[in-house]
Each structure stands twice: as C-alpha cells, then as structure tokens.
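Remarks on the structure that follows.
The values are calculated or read from the model by the stated rules, or taken from the named source; none is laboratory data. Note that the structure is predicted; figures quoted are calculated from it, not measured. Backbone-built Cβ (ideal geometry, glycine too); neighbour counts: all protein chains shown. Protein only, heavy atoms only, side chains kept; ligands, DNA and RNA dropped before computing areas. Shrake-Rupley method; radii C 1.70, N 1.55, O 1.52, S 1.80 Å.
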Amino acid sequence: MAKVRQKPNVKAQKSGNKLTEAQIAVHWKEEEYFRPSKRFIAQANLSDPAFVKKFSEKHFPECFDHYASLLDWDKPWRKTLDTSNPPFWKWFVGGKLNACYNCVDRHLAKHRNKAALIFVPEPEAESATVITYQELYKRVNEVAAMLRDFAGLKTGDRVTIHMPMIPELPITMLACARLGVVHSVVFGGFSGEACGLRAADSGSCVLIYADGYHRNGKWVDHKASADIAVRTATKEGQEIDKVLVWQRYPGKYTSDSPMAAGRDFFINDVLKNYRRQIVEPVSQDAEAPLFLMYTSGTTGKPKGCQHRTGGYLAYVIGTARYYQDIHPEDVYWCMADIGWITGHSYIVYGPMALAATSVLYEGAPQFPDAGRPWRIAERLDVNIFHTSPTAIRMLRKAGGNEPKIYNYHFKHMTTVGEPIEPEVWKWYYQVVGKGEAVIVDTWWQTETGGFLCSTKPALDLMKPGSAGPAVLGIYPVIWDENGHEVKAGSGNAGNICIRNPWPGIMQTIWGDPQRFVTQYYKKYNKNPKSKNWRDWPYYAADGAVLPADGYYRILGRVDDVINVAGHRLGTKEVESACLTIPEVAEAAVVPAVDEVKGRVPVVYISLKPGVPTTKAIEDKVTSTIETMIGKIARPKTIHIVPDMPKTRSGKIMRRVLAAISNHMDTGDITTLANPDIVEQIRELVQGRNVGPLREGPEDIKRFGDER
Ligand code: WT7
C-alpha cells in the first residue's frame, strides 16, 4: 500500500473585511501521502537518525562542519561561521581549498577510470562519449594552462562563459575554478545582448563561446551571438580582449560568423600548445568567490549572485549526498542546463565533488520524440533522474505511455524549479518512476546555492505538490506582511523566510552589496544595527502554506518575477525591452497560466499618440524582446490597448491585467483613475462572450501588488 490517508486540516480563515495578501486563505485539497518503496530505504545515505539529530537547531552552526568535512582542505577552518558583519556571513573562516581539486584531482587515486561525464549528443545517430576522471583531469589542466598563459587570466578575474550543454562547458568551469578565476556562465538560450550586459557588469575581458550546437533538430549558430555580446559590452564600457571559441566538432568551424583576427581564437587550435601541461590548483580562501550567476529580480537589471568557494561547495556536496542520494555505482542524470543554478550545483559541483557519474545531454527532451529521455535512461542505465515540472508536463503530454516501453529503473527522481501539480506528480511517480522510485520535490533558488526544502529520500512520506520539510540545518518560518508568524495548520499563506544563515547562501550581489541587503534581509529585519544572526532572516520572495504536518507547499513568487518553464523572468526586464521601441508609450508584463510551461509572459502595451495599431508593432515587440533577452522571454500574446488601468497616482495596475489574461475576477476597480478602461481591455482580450470566471492561482492573484 503506497497511500496513507490524511485528514484535511486546512480551513479558510477570515479576519475582518480586508485581508492582507499574506492572510489569504489557501483552499486546496490535501493530498494523500505516498510511502517510498522499501527497496531503497536500507541504502539511503540519510538513514542514520543520530546523524539527522546532529543538525537540530541547538547544533547550529557547527552541524555544517560535517558537510565541509566531506571536502579536502589545504588548510582547516578556524571557525565555522563568522556573523560579525550581518548579513555578510563568513563560512569556514581561515580554511583554504580548491574547488577543482575537490571535483577532479582527489578522485584520481580511487576513481581515475570511472566515467565522470557521459555526453549524449542530440542527434541520435551520434554515439555517447565518456570522459573518465583521468581524462577530465588532463583536459581541465590543459584548459587551465591556456586560460592562464594564453588568455592571461589570474585569480580573482571574471570570465563570462556563454555555452550550450557540451562537455567543454564543465571542463571550462573547472579550469577556471582551478585558477581561482570567477566564472559567470550565461544560459546558452540568452541572447548575445543579454550576455554582453552580464559580461560588462561582471567586468569580464574574456568571453568563452561554442561555435554552435544541436537543439530540437536544428543547428544553432551560436558564435554569431558572441559578436553581439562584444558590441554590447563595449557600449557599456567593457572592452573584450579575447573571444575563445570551442568547436562543437573539433577542427571544423560550423558558424557563419567570421572570426575577428586578433580577438577570436579557436580553443582547439590554441590548446595544441598546452598539451600535457599540469597546473597546480590555486589554494583559495574559503570565502573567495567561486562563480557569479545572474538572475532576474524586481528591477530591470539582472543581479549577479556571488557564490563563495568553501561554503557553497560544502553545501552542494552535502545536499547532493543526502538528498540526491548519490552512491558510487549510480548513474545520475540531471536534465537541467548547466547555465542555471541547478546545473552548477547538481550537475557540476555537487555530483563531481562526490565522484559521481553524471550524464550530460545536449538537446531538447522531446527530440526526436517523447521517448528520447527514456531511451537514454535505458541505454546508460540511469538510476537517478532530475528534471523540472515543465519537462515532466511536456513529456506527459507528448507521450504519456512512452516510459512503459523502455526498460530502465530509477531509484530516485527529483523535481525542481516550480510547483508541481499533484496530477503531474502522480504521473511522474507511477509512469516515469514505475511506482518504484522515490521523488524529492526540492525547493530552492539561485541565491540559496542548494536545496532548502525536500523530503528525505526513501525515508519520509511523500506528498504530491509539496516540497516537504526543511532540509538539514535549515529553519524556515512563514510571516505575514506585518511580521506575524503564520502558524502551521492555520490554512493561511505568507512569505517564507529562512531564520538562519547556511553555507550555500550567496555572499552578495556582485558590485551591489546594498541591494543584497535590501532585497533579501531588510523586510523582516527589526534592527539594522544588530550583530545577532537571529535578527537577519532571509526573505525568499516566495509565498507558502504550512499544514500541520510540516510539509511546506510553495505557491510561487510574490514579487515581479514570473516563473516561465522553471526559469525566472523579471517582468521589469521585459517591460524595459518594450520601452526601447520608439512607438511604445507604456508596457506592462503579466503572467498567464500555461498548461505546459506553468506561466508565460503576456505583454500589454499602449502606443504614443498618433501611432496606429498594427501587426508590425507586435512583431517589433517580439523581436526586440528576443534580441534583448532571448527566446525564453518571448511573449505568448501581445495586446495593444488604448490605455492602461491606473491608480489615481498613475501606477499601472498590473494585477487587473493579470486577472483579465487569466479570466479571473478583477476585484474592486472603483478606485482606479480610469475604471472604464477595464471593460474595454477585457473585451479586447476575451471578446464579447466572456466565459465563467476562474479562481486562479495564488501568485497571479497577488501579482503586481503595490510592493
Ligand atoms: C524560484 C527560484 C531552484 C533552482 C531552479 C530555479 C521556484 C523552485 C521550486 C519547487 C515550487 C519552486 C520558486 C523560487 N521554485 N523550486 N520545488 N516548488 N517552486 O531557480 O531560477 O532561482 O528560481 O523557483 O518560486 O523562488 P531560480
């Protein structure tokens, strides 16, 4: 019997007429628990209750010494946590280590002949290639030698990497880590312009590219975006000295973009001069930055989340070991892209620090058909699988019975990045996991480095749609807007925060420490002078509910960020792009529910006086967004409206637009400066025959509030 009955314990609760957002009662059917398959309980890495106890609050922060001790240190740390300058915590103070050494060199003695990476090209006719830890060691050293001696990079420099999912991406990252060079990987699907802006913000003089790659059956000419990136960075005042280009097929150039003499170099050519070179790993301070990862927030400008070497690596090796439950004999496949934090933490640094065998897939999950992931799993005998609700929804829709055709067996599966609908969870469990695999629904963020909430795999009961309790050493709390705790079982939603620091949390926002404080710590800090970490809870900007059983259910963002296919999109970034079009007077971007991607952006624009509404303007909006951000931000629909619904002070009421786009109640609009516009817009969007109103999800109900 896999299911356990649970009494519904969530009631709607109202207090007075006007509810604050955090008090909105969340009506949802409590799901039944699923009991993990007994087969894996015996081997679960977390099965020792005494070990779990060591992470109780009274052992904070020293509990995290255990994670750090999974690494090899050149010099041991003196102090686990230094909180003297809140909220700029220091972890494993005085310790020295090298991240590349920990992910590569130290495995050679026992695992040199073990597959580190198995690369699966998108074209099915191309066979997979295996890179052993020994081969990885050689390749990383040669690239490190090239970065140091040819590109002139040294410890502390930043380098921007804009690459697809090919083995040269983790190789380049590890080579940077070997030198203490701070890498900033930009997701391959972002535009050249987006890459250039990030390169300029980080102060990178060197860009690393690939010439092209396969995606969805098409060849993507990627080098072309390097030229745009260089132009954009230069415009921002950042000179790019060198563009280093990996060839997807070494020796063959597969881009139409010309190589700029003296600036662009083929890595495969240059590397010939660095054959057999060995570079000593540079011993780094535990607090030295390891990488930057840009992510979207509430302003038009993405922020560079800066992650530290020691704390980050300790946190990802610990969580990969205990929550991904990776054992030496496992074949682990995380289908995310390395260009996002999931790929950094749970394809590269966590699994490789554990000497795992990690599968790297170049292409789209449903290419050439929805059976592809399951064929890869069967062929490579993958037993730990990691993906997002969007990919699961897509594969379920395109081939709901496909997994049954293939003879693979997962013991463990992860879902990450968005809330998963219980129905989708059940398909993942029953069909993809064949009723045998445990599922962890891991909630976390780019900023947090690693998991924050998840069930203990194979040990805790699973509840579809809920991330579960906090992971080891993490102490969350839900507060309403006024700082009152929203208690477990109250049925109300609130803002989830983490009360304590942990080693995986980002150090700061690159170049903008003030924004780091205001964005994540100001909201619930009562005393900015306090030196006590208890006064500095981390504000995650996610809504959540907590039933009596202690299983957190994450409702989604409470800020101007929308989660498109598991990727964060700042609506302000999209709006800024629209406003660069001379004809556009005003722009508002809102989320709409999409059955596969979760949320998709819908763009509302109003035009300057005298500009006629044409299809050409719509096309211009789409192409501008694609050029400035990338195809991932492409709007689902564009509505050209005569005016925006506005408050008397002139603020665009994005919530009203979001309600219209999602067939929800627009609520009280009588206080608007122009209430009549609402009906006009509704008719424009929905036509004359308005269907029944829908309730709509929490994040959309609250979208665009006066924050
Ligand atoms: C946002 C962070 C975590 C790595 C990938 C995304 C949402 C993340 C879950 C989950 C419900 C989730 C949150 C969060 N989110 N995981 N298991 N259940 N929502 O990282 O791009 O920084 O996005 O993704 O809203 O704030 P990210």
(request) Check whether at least one residue in segment 695-702 is assigned to a helix (DSSP H, G or I) and either open to solvent by less than 10 Å² (accessible area, probe 1.4 Å) or within 30 Å of residue 232 (Cβ to Cβ) (or both), and report yes or no. (result) yes
(message) Among the residues in segment 568-576, are any at pLDDT 95 or above, part of a loop (DSSP other than H, G, I, E, B) and over 17 Å from residue 448 (Cα atoms)?
(response) no
(message) When the residues of segment 287-309 are narrowed to those that are touching a Ser or Thr at 6+ places or on another chain (Cβ under 6 Å) and more than 30 Å from residue 259 (Cβ to Cβ), which ends up most open to solvent (accessible area, probe 1.4 Å)?
(response) 300
(request) Pull up segment 325-356, narrow it to residues that are part of a strand (DSSP E or B) and away from the ligand (no atom under 13 Å from the Cβ), then point me to the one that is surrounded by the fewest Cβ atoms within 10 Å (Cβ to Cβ). (result) 331
(request) Sort out which residues of segment 429-445 are outside any helix (DSSP H, G or I) and either within 26 Å of the chain's Cα centre (by Cα) or within 16 Å of the ligand (Cβ to nearest atom) (or both), and write them in order of number. (result) 433, 437, 438, 439, 440, 441, 442, 443, 444, 445
(message) Can you find, within segment 310-324, the residue that is most open to solvent (accessible area, probe 1.4 Å) among those that are away from the ligand (no atom under 16 Å from the Cβ) and not hydrophobic (A, V, I, L, M, F, W, C)?
(response) 321
(request) Tell me which residues, restricted to segment 617-652, are of a type outside the set (Ser, Thr, Tyr) and either without any contact (Cβ under 8 Å) to a residue 12 or more places away in the chain or part of a helix (DSSP H, G or I) (or both). (result) 617, 618, 619, 620, 621, 625, 626, 628, 631, 632, 633
(request) Return the total of residues in segment 262-286 being out of contact with any helix residue (DSSP H, G or I) (no Cβ under 9 Å at 6 or more places or on another chain), acidic (Asp, Glu) and either in a strand (DSSP E or B) or open to solvent by less than 50 Å² (accessible area, probe 1.4 Å) (or both). (result) 0
(message) For residue 517, only one of the following conditions fails: (1) within 28 Å of residue 34 (Cα to Cα); (2) aliphatic (A, V, I, L, M); (3) away from the ligand (no atom under 15 Å from the Cβ). What is its number?
(response) (1)
(message) Can you tell me which residue is nearest to the ligand (Cβ to nearest atom) among those in segment 395-418 that are part of a loop (DSSP other than H, G, I, E, B) and open to solvent by less than 10 Å² (accessible area, probe 1.4 Å)?
(response) 410
(request) Determine whether segment 530-545 contains at least one residue that is within 15 Å of the ligand (Cβ to nearest atom), in a strand (DSSP E or B) and closer than 17 Å to residue 88 by Cβ. (result) yes
(request) Go over the candidates 155, 172 one by one and state the one that is open to solvent by 10 Å² or more (accessible area, probe 1.4 Å) and either in a helix (DSSP H, G or I) or of a type outside the set (Lys, Arg) (or both). (result) 155
(request) Scan (1) charged (D, E, K, R); (2) crowded, with 22+ Cβ neighbours inside 10 Å; (3) within 12 Å of the ligand (Cβ to nearest atom) for the single condition residue 421 breaks and write down its number. (result) (2)
(message) Take the conditions more than 16 Å from the ligand (Cβ to nearest atom), part of a helix (DSSP H, G or I) and open to solvent by less than 30 Å² (accessible area, probe 1.4 Å) and apply them to residue 392. Does it pass?
(response) no
